[in-house]
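The values are calculated or read from the model by the stated rules, or taken from the named source; none is laboratory data. Because the structure is a prediction, the values reported are computed rather than measured. FYI the Cβ positions are ideal-geometry reconstructions off the backbone, even for glycines, and counts take in every protein chain you see.
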């Protein structure tokens, strides 16, 4: 294990989130009065880069934003959170991404995204960051960018013996070639099914579906299960459930990002996959206890305190 500060490179997305709370989700044609409006930086890749920095990593973000006011929010965020931006590009060809988020009284969410400039992130732009990727301990990619860019990030990570994590959200069917270089895949249960071209509620057993993905070349799969924790399907085929952590749920929006970046940091520090998933499960649970994504991304002392309380 390296004694230096672990380096995480995230190849992903930035978007500004516009969030409102409603008593329930509206039906077609219905207008509801909401509350707690919030506007702030988001995007799965960006959230994960910020979360990794808060957990003590040397965090870097590779992405694309527009030349607009929302793009300025990204610049200010990364400066404040100490995220490296040497490969963050601004383009006049697309607007910075936006997400419209509705929360119900239980804290569940509906999200509509316009990824804007994120769609312009190309494998060539990822190639420009190859030296950074080669110097990293973990490379993370998400699917709010073009699939070919995410897959290329995984390919470069494998080339340089760097741990490659793919957070396949929002999910879409992927080919064996697009998954062949992934060391750790982190879908939730519906995303796992969509990756294989199945309906999100397909009744096929989760372990069987994970085995199909491992046949594509994925080494390890960590299926996130919300309050029920996670299920690890190890590279040797061993199956290991990791229990969930009970918290007072306020907003689940950033839980997956908190989980994924914590997993990346733990693996970068040399933790075994099982221990890394336990650490990540706590991070994901804590992210559900506050409204908004960036405010809910925990700093390391909060996670360690929660782990200590669990015994």
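Quick look at the numbers
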{"item": "Region 244-263 - residue that is within 12 Å of the chain's Cα centre (by Cα) and not in a helix (DSSP H, G or I) and, of those, modelled with the lowest pLDDT", "result": "253"}
{"item": "Count of residues meeting criterion [farther than 26 Å from residue 266 by Cβ and not in a strand (DSSP E or B)] in region 80-94", "result": "3"}
{"item": "Count of region 175-201 residues which are part of a loop (DSSP other than H, G, I, E, B) and within 17 Å of the chain's Cα centre (by Cα)", "result": "4"}
{"item": "Among the residues listed as 19, 9, 85, 96, the single one being farther than 30 Å from residue 161 by Cα and modelled with pLDDT of 95 or more", "result": "96"}
{"item": "So residue 71, is it surrounded by 14 or more Cβ atoms within 10 Å (Cβ to Cβ) and in a loop (DSSP other than H, G, I, E, B)", "result": "no"}
{"item": "Residue check for residue 170: closer than 15 Å to residue 46 by Cα, surrounded by fewer than 17 Cβ atoms within 10 Å (Cβ to Cβ) and out of contact with any helix residue (DSSP H, G or I) (no Cβ under 6 Å at 6 or more places or on another chain)", "result": "yes"}
{"item": "Residue 161 vs. criteria in contact with a strand residue (DSSP E or B) (Cβ under 8 Å, 6 or more places away or on another chain), part of a loop (DSSP other than H, G, I, E, B) and without any contact (Cβ under 8 Å) to a residue 60 or more places away in the chain", "result": "no"}
{"item": "Unique match (being touching a residue at least 60 places away in the same chain (Cβ under 8 Å) and within 29 Å of residue 289 (Cα to Cα)) among 116, 107, 84", "result": "107"}
{"item": "Whichever residue in region 264-275 is out of contact with any strand residue (DSSP E or B) (no Cβ under 7 Å at 6 or more places or on another chain) and not in a loop (DSSP other than H, G, I, E, B) and, among such residues, is surrounded by the most Cβ atoms within 10 Å (Cβ to Cβ)", "result": "266"}
{"item": "Number of the exception - residue 50 against (1) touching a strand residue (DSSP E or B) at 6+ places or on another chain (Cβ under 6 Å); (2) crowded, with 24+ Cβ neighbours inside 10 Å; (3) on the phi < 0 side of the Ramachandran plot; (4) touching a residue at least 60 places away in the same chain (Cβ under 8 Å)", "result": "(1)"}
{"item": "Residue ID - modelled with the highest pLDDT, chosen from residues in region 103-158 that are assigned to a loop (DSSP other than H, G, I, E, B), over 18 Å from the mean Cα position of the chain (by Cα) and surrounded by 17 or more Cβ atoms within 10 Å (Cβ to Cβ)", "result": "129"}
{"item": "Residue check, residue 223 assigned to a loop (DSSP other than H, G, I, E, B) and either within 19 Å of the chain's Cα centre (by Cα) or under 30 Å from residue 290 (Cα atoms) (or both)", "result": "no"}
{"item": "Subset of region 215-229 (residues that are under 15 Å from residue 272 (Cβ atoms) and at pLDDT below 95)", "result": "none"}
